[in-house]
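**Q** Have a look at this one before I ask anything.
The values are calculated or read from the model by the stated rules, or taken from the named source; none is laboratory data. Since the structure is predicted, the reported quantities are computational estimates derived from the model, not experimental observations. Neighbour counts run over all protein chains shown; Cβ positions are idealised from the backbone, glycine included. The area values use the complete protein model at the heavy-atom level, side chains included, leaving out ligands, DNA and RNA. Shrake-Rupley method; radii C 1.70, N 1.55, O 1.52, S 1.80 Å.
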Amino acid sequence: MKAAVFVGTGEPLAIEDITPNAPGPTDVVVQLGASGVCHSDLSIKNGYVPMPPGYVLGHEGAGTVVEVGSEVNRVKVGDKIVASFVPACGVCIPCLGDQSHLCDAEFEVMTALRGTRPDGNPYLTMTGLGTFAEAMTVSQSSVVKVETDLPFDQLALIGCGVTTGVGAALSTARVQPGASVAIIGCGGVGISVLQGARIAGAGRIIIIDQGEEKRKDAEAQGATDYVDSLAGDPVAQVMALTGGRGVDYSFEVIGLPETTLQAYNMIRKGGTAVMVGMTRAEAQLTISTFDLFYNEKTLKGCKYGSAQVRRDFGKFISLVENGRLDIGSMVSRHIKLEEVNEAFTAMQNREVVRSVITTF
Ligand SMILES: [Zn+2]
Ligand SMILES: [Zn+2]
């Protein structure tokens, strides 16, 4: 079976013919219909998130169940699924507490050996998925059955970028109607935060990115203001746009301490800053504790849009079906599995919102 494998920091992914193990009792085999190429895949390839070689990358996918283990009870052969890059086991304390995005089964799922590479070594899969492949064997906790006619290229994006971004606005921050929102970073997830803020009824949505090239995309999705961070201090620009008060909510969608500090500094008294971007493990942030206390600010982390995937995937699909959430325009290119390295280059050159693999 063909798959794109991480073989070393900075090296192109290798297209290898891997041999999957037979599924265990609670595993399912999914034939991929589509897989998005996300910035987190690039972060692993480039060593930003250190990983040993031998991983099938890809964590944003949708497909069809083609085989199930003997104890699988959540899906059956023929079901259409969206993969969840954090499993939702349904029985751990976070899952029972409406926080399946913090599911305790995550480590076990992520570290499962799934088969052998051509050189005889075992392979692992990114987040327990590995969507850069013709098929993947995953825990049933990692798949969510969906009933919709939406195409796989759009469903795949619900698996990561859309859920992370829309969920950050709707579930993590709970943006209120009429609120002012600033979003730093206008890639696929940033655009999704923007759409989440729009769906929540935000009154003002300020997008911040470097240069002018993202302005059109941002305005097309309902941004009311666009700030070019190269044209001057973005915090000062946001303050100027809000009469010196700052915004009700800000979102950092890059993953850097510097931009997280900017997000924190551009919220009003009593405001909430949300860090959505994936950050380096060793990165640190220093903030004014007096500002935190005296201005009663909130700085929140956001993992996977605080998503309850079995509840939220269906909700997002309904928003798309009813024309309230636009995923179609985020699918910039359809590519073949073999073109995944070119997709990374296109991402680095900021040519695409998402390249989506639809031919495996
Ligand atoms: Zn992702
Ligand atoms: Zn769980």
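**Q** Filter the stretch 270-279 down to the residues that are in contact (Cβ under 8 Å) with a residue 60 or more places away in the chain and more than 16 Å from ligand 1 (Cβ to nearest atom), then identify the one that is most open to solvent (accessible area, probe 1.4 Å). Write out each step before concluding.
**A** Applying the first criterion (in contact (Cβ under 8 Å) with a residue 60 or more places away in the chain) to the stretch 270-279 yields 272, 274, 276-278.
Restricting the remaining residues to those that are more than 16 Å from ligand 1 (Cβ to nearest atom) gives 272, 274.
Working: Thr272: 24, Val274: 2 Å².
In this case the residue turns out to be Thr272.
Conditions (1) crowded, with 18+ Cβ neighbours inside 10 Å; (2) free of Cβ contacts under 8 Å to residues at least 12 places away in the same chain; (3) acidic (Asp, Glu), marked per residue:
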site	(1), (2), (3)
Arg311	no, yes, no
Ile317	yes, no, no
Ile327	yes, no, no
Ser332	no, no, no
Ile335	yes, no, no
Ala343	yes, no, no
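**Q** How many residues does the stretch 3-30 hold that are open to solvent by 50 Å² or more (accessible area, probe 1.4 Å) and either within 21 Å of Arg354 (Cβ to Cβ) or within 16 Å of ligand 1 (Cβ to nearest atom) (or both)?
**A** Adding up the residues that qualify gives 2.
**Q** When you scan the stretch 280-309, how many residues do you find that are modelled with pLDDT under 95 and surrounded by 21 or more Cβ atoms within 10 Å (Cβ to Cβ)?
**A** Summing the residues that are modelled with pLDDT under 95 and surrounded by 21 or more Cβ atoms within 10 Å (Cβ to Cβ) in the stretch 280-309 gives 0.
**Q** Would you please list the contacts, defined by Cβ atoms under 6 Å and residues six or more apart or on different chains, that run from a residue in the stretch 199-219 that is under 17 Å from Gln262 (Cβ atoms) and touching a residue at least 24 places away in the same chain (Cβ under 8 Å) to a residue that is part of a loop (DSSP other than H, G, I, E, B) and open to solvent by 50 Å² or more (accessible area, probe 1.4 Å)?
**A** Taking only residues 6 or more apart or on different chains, the pairs are Ile205/Thr224.
**Q** Test each condition in (1) surrounded by fewer than 13 Cβ atoms within 10 Å (Cβ to Cβ); (2) within 20 Å of Thr131 (Cβ to Cβ); (3) at pLDDT below 95 for Met347 and report the one that comes out false.
**A** (1)
**Q** Select from the stretch 239-249 the residues that are among the aliphatic types (A, V, I, L, M) and touching a residue at least 24 places away in the same chain (Cβ under 8 Å) and write down the one among them that is least open to solvent (accessible area, probe 1.4 Å).
**A** The first filter runs over the stretch 239-249 and keeps only residues among the aliphatic types (A, V, I, L, M), leaving 239-241, 247.
The next check asks that each one be touching a residue at least 24 places away in the same chain (Cβ under 8 Å); those that pass are 239, 241, 247.
Details: Met239: 45, Leu241: 57, Val247: 0 Å².
It comes out as Val247.
**Q** Within the stretch 345-360, can you find the residues that are free of Cβ contacts under 8 Å to residues at least 40 places away in the same chain and not hydroxyl-bearing (Ser, Thr, Tyr)? Step through it out loud before you land on a result.
**A** Looking only at the stretch 345-360, we keep the residues that are free of Cβ contacts under 8 Å to residues at least 40 places away in the same chain, and these are 345-346, 349, 351-352, 359.
Across the stretch 345-360, the qualifying residues are Ala346, Asn349, Glu351, Val352.
**Q** Still on this structure, I have one more. If you go through the stretch 251-283, how many residues are under 19 Å from Gly196 (Cα atoms) and of a type in the set (Asp, Glu)?
**A** Summing the residues that are under 19 Å from Gly196 (Cα atoms) and of a type in the set (Asp, Glu) in the stretch 251-283 gives 1.
**Q** Can you pull out every residue in the stretch 250-263 that is part of a loop (DSSP other than H, G, I, E, B) and open to solvent by 30 Å² or more (accessible area, probe 1.4 Å)?
**A** Within the stretch 250-263, the subset part of a loop (DSSP other than H, G, I, E, B) is 253-256.
The answer is Ile254, Leu256.
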